[in-house]
1. Only one of Glu191, Glu224 is under 25 Å from Val450 (Cβ atoms) and not small (Gly, Ala, Ser); which?
2. Could you list, in sequence order, the residues of region 146-198 that are modelled with pLDDT under 50 and polar (S, T, N, Q)?
3. Pairs, please: C-beta under 7 Å, at least 6 apart or cross-chain, first residue on the phi > 0 side of the Ramachandran plot and in region 399-412, second in a loop (DSSP other than H, G, I, E, B) and not hydrophobic (A, V, I, L, M, F, W, C)?
4. Residue by residue through region 56-71, note down the ones that are farther than 18 Å from Gly127 by Cα and not in a loop (DSSP other than H, G, I, E, B).
5. In region 488-512, which residues are surrounded by fewer than 21 Cβ atoms within 10 Å (Cβ to Cβ), touching a helix residue (DSSP H, G or I) at 6+ places or on another chain (Cβ under 8 Å) and in contact (Cβ under 8 Å) with a residue 40 or more places away in the chain?
6. Quick one: what pairs do we get from region 204-216, first residue more than 23 Å from Arg498 (Cα to Cα), second modelled with pLDDT of 95 or more, C-beta under 7 Å, 6+ apart or different chains?
7. On the basis of being under 21 Å from the mean Cα position of the chain (by Cα) and not basic (Lys, Arg), does Asp265 make the cut?
Amino acid sequence: MNALLSKMTRSGVLAGPDVEAVEAAMAQGEALDAALLTSGRVAPEPLLRFLAAEFCLPYADLDAAAPTKDYLAQFPARLLMAHALLPLREENGAVLVASSKVFDTTGLEELRLACGREVQLALAPAGEIDRCLKALLGVGADTLQSLVSEAADSGVQILDGENEEDVDLAEAAEDASIIKFVNQILSEAIERRATDVHFEPFEDALRVRYRVDGVLQEANIPPEVRQFQLAIVSRLKILSHLDIAEKRLPQDGRIKLRVSAREIDVRVSVIPMLHGEAVVLRLLDRSATMLGLEHLGMASRDRAAFERVLELPHGIVLVTGPTGSGKTTTLYAGLSRINDIERKIVTIEDPVEYHLHGINQIQVAGKAGLTFSRGLRAILRHDPDVILIGEIRDRETADIAVQASLTGHLVFSTLHTNDAPGAMTRLVDMGVEPYLVASSLEMVLAQRLVRLICKECREPIPAADLAAIRAQWGEQTGDVLYHGRGCRACQGTGYRGRQGIFEIMPVTERIRAMIVERASAGEIRREAARFGMVSLREDGWRLVREGRTTLEEVLRATKDESLAVAYAAAANGNGNGAQSEENGK
């Protein structure tokens, strides 16, 4: 082994100072390849290529030599995943099997005995083998195979939707294999940066989907999962402290997880469907690093306007947009900027998504009677300077927020409207007097999240396609457009990560007068545009020109405001007034 280590050092695969650390690991009983890989002293691919050449073994490029699903189905999934083995093809009367282990042949021997055929070793990195196994067999294939085998060996009928009255759900949910499978799904979701996991029952299948970067992607799950639907749902209910016997009513719960030193808060929603209970898990990474204003991606002018409003002594600042558009992240970034010893900042949220040091945070507890409005009244007795309300949902909360701003507090909150001008009419529609809205509101910020082009596979689009796009959309698209080709890093989507696009509308004196006059959202939008407000789509064009996102993403996330304006102008020309304008939106 010393000679082999010396040769690796001479060839540049291993650095000289690392030899002693590897020898110490081997003295503890580790094989050479394992000692090298677990110590992190050398990258897997160079090491395995060196060992393949040294021992005259083939090195398998799994992107080009991956087996088919039908071929892999001939071998026990449990054995393959337990030992990270990937049968590739028949070669010279034997099965060519990819493995990352050269000196530990235990897995190969077990596979030879299990399939009754000779095996031949090829080398490939363990990470690549694991990726191929998951892609071909599906997440948790080994666990589901164990469940099927256990059910067959014991003579127990497999759980399905037709015999649920005869099933001990508590016992089934505590089965070690069910626990392992649910853990595998959660680990896979977190690994893929999913924000939501959907378990959706259908007549002949249980579909599992992950929402990654705002778009749903179907998880690769073996079809046998449908047979264990009841046990899987029951396991999720037990984890979230819900009633497993209740199948007729919606239920909500929470799970706290720790994955690789990361704290994950999971909100669980269970709803009865036609073919069983559907479950949606919202994953909140409490250990995620909070971004500052400089990382939100605002244009310099918008960021300067937002920073100015943060220094106001009182007033209301609203952030609007649909669920999952990054509103809370933007507000937290703003609070972090003004969080100092001279200000008392109190928040009331449902749920508290991030823990901010130095800020007093309150969790809404509906069952205990702690609602937004009740908590907000209590906050006002705690002498705050700045208040964050997670969401203005009703008139009572809106009234208290307005009164708080008028009595010298800076109030931040969110509202569900499609754009910035719509927030003002929404507050009036809730029953807040227009003059109070005009007096208290200082800024409305609307935002969306668009997916960013994957940096690993970004490339310019062909010239012919660029010409066609520019003929349709004009100069605003820029001289060069990019897209993602699709690679392993982005799971073939061409996108990785998201960034906000913003529509920031400071409330000017003219806009305050329009609010008092009950002007429509369209009229307020035109006035704000004259003052220089950039729409969501226009801000999206900025990211397209910078090569950070695609035209398709901007069109998906925004609507064309020019169509609404043109329709409204035509309606007004026909004497139809503001009502026609609103319909045109």
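The values are calculated or read from the model by the stated rules, or taken from the named source; none is laboratory data. No experiment lies behind these values; they were computed from the predicted model shown. Positions of Cβ are generated from backbone atoms using ideal geometry, with glycine treated the same way; all protein chains shown enter the neighbour counts. Accessible surface is based on the protein model in full, side chains and every heavy atom, while ligands, DNA and RNA are left aside. Shrake-Rupley method; radii C 1.70, N 1.55, O 1.52, S 1.80 Å.
1. That would be Glu191, the only listed residue that is under 25 Å from Val450 (Cβ atoms) and not small (Gly, Ala, Ser).
2. Ser154, Gln157, Asn163
3. Gly408/Pro313; Gly408/His314
4. Looking only at region 56-71, we keep the residues that are farther than 18 Å from Gly127 by Cα, and these are 56-57, 68-71.
Once the filter is applied, which keeps residues that are farther than 18 Å from Gly127 by Cα and not in a loop (DSSP other than H, G, I, E, B), region 56-71 yields Lys69, Asp70, Tyr71.
5. Passing the criteria: Arg488, Gln499, Pro506, Arg512.
6. Sorted first by the residue in region 204-216, then by its partner, the pairs are Leu206/Phe199; Arg207/Glu200.
7. Values: under 21 Å from the mean Cα position of the chain (by Cα): yes; not basic (Lys, Arg): yes.
Yes, satisfied.
Let's see how each residue does on (1) at pLDDT 95 or above; (2) surrounded by fewer than 19 Cβ atoms within 10 Å (Cβ to Cβ); (3) closer than 15 Å to Leu543 by Cβ:
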| residue | (1), (2), (3) |
| --- | --- |
| Ala438 | yes, no, no |
| Met443 | yes, no, no |
| Gln447 | yes, no, yes |
| Ile453 | yes, no, yes |
| Ala464 | no, yes, no |
| Ala468 | no, yes, no |
| Ala471 | no, yes, no |
| Glu475 | no, yes, no |
| Gly478 | no, yes, yes |
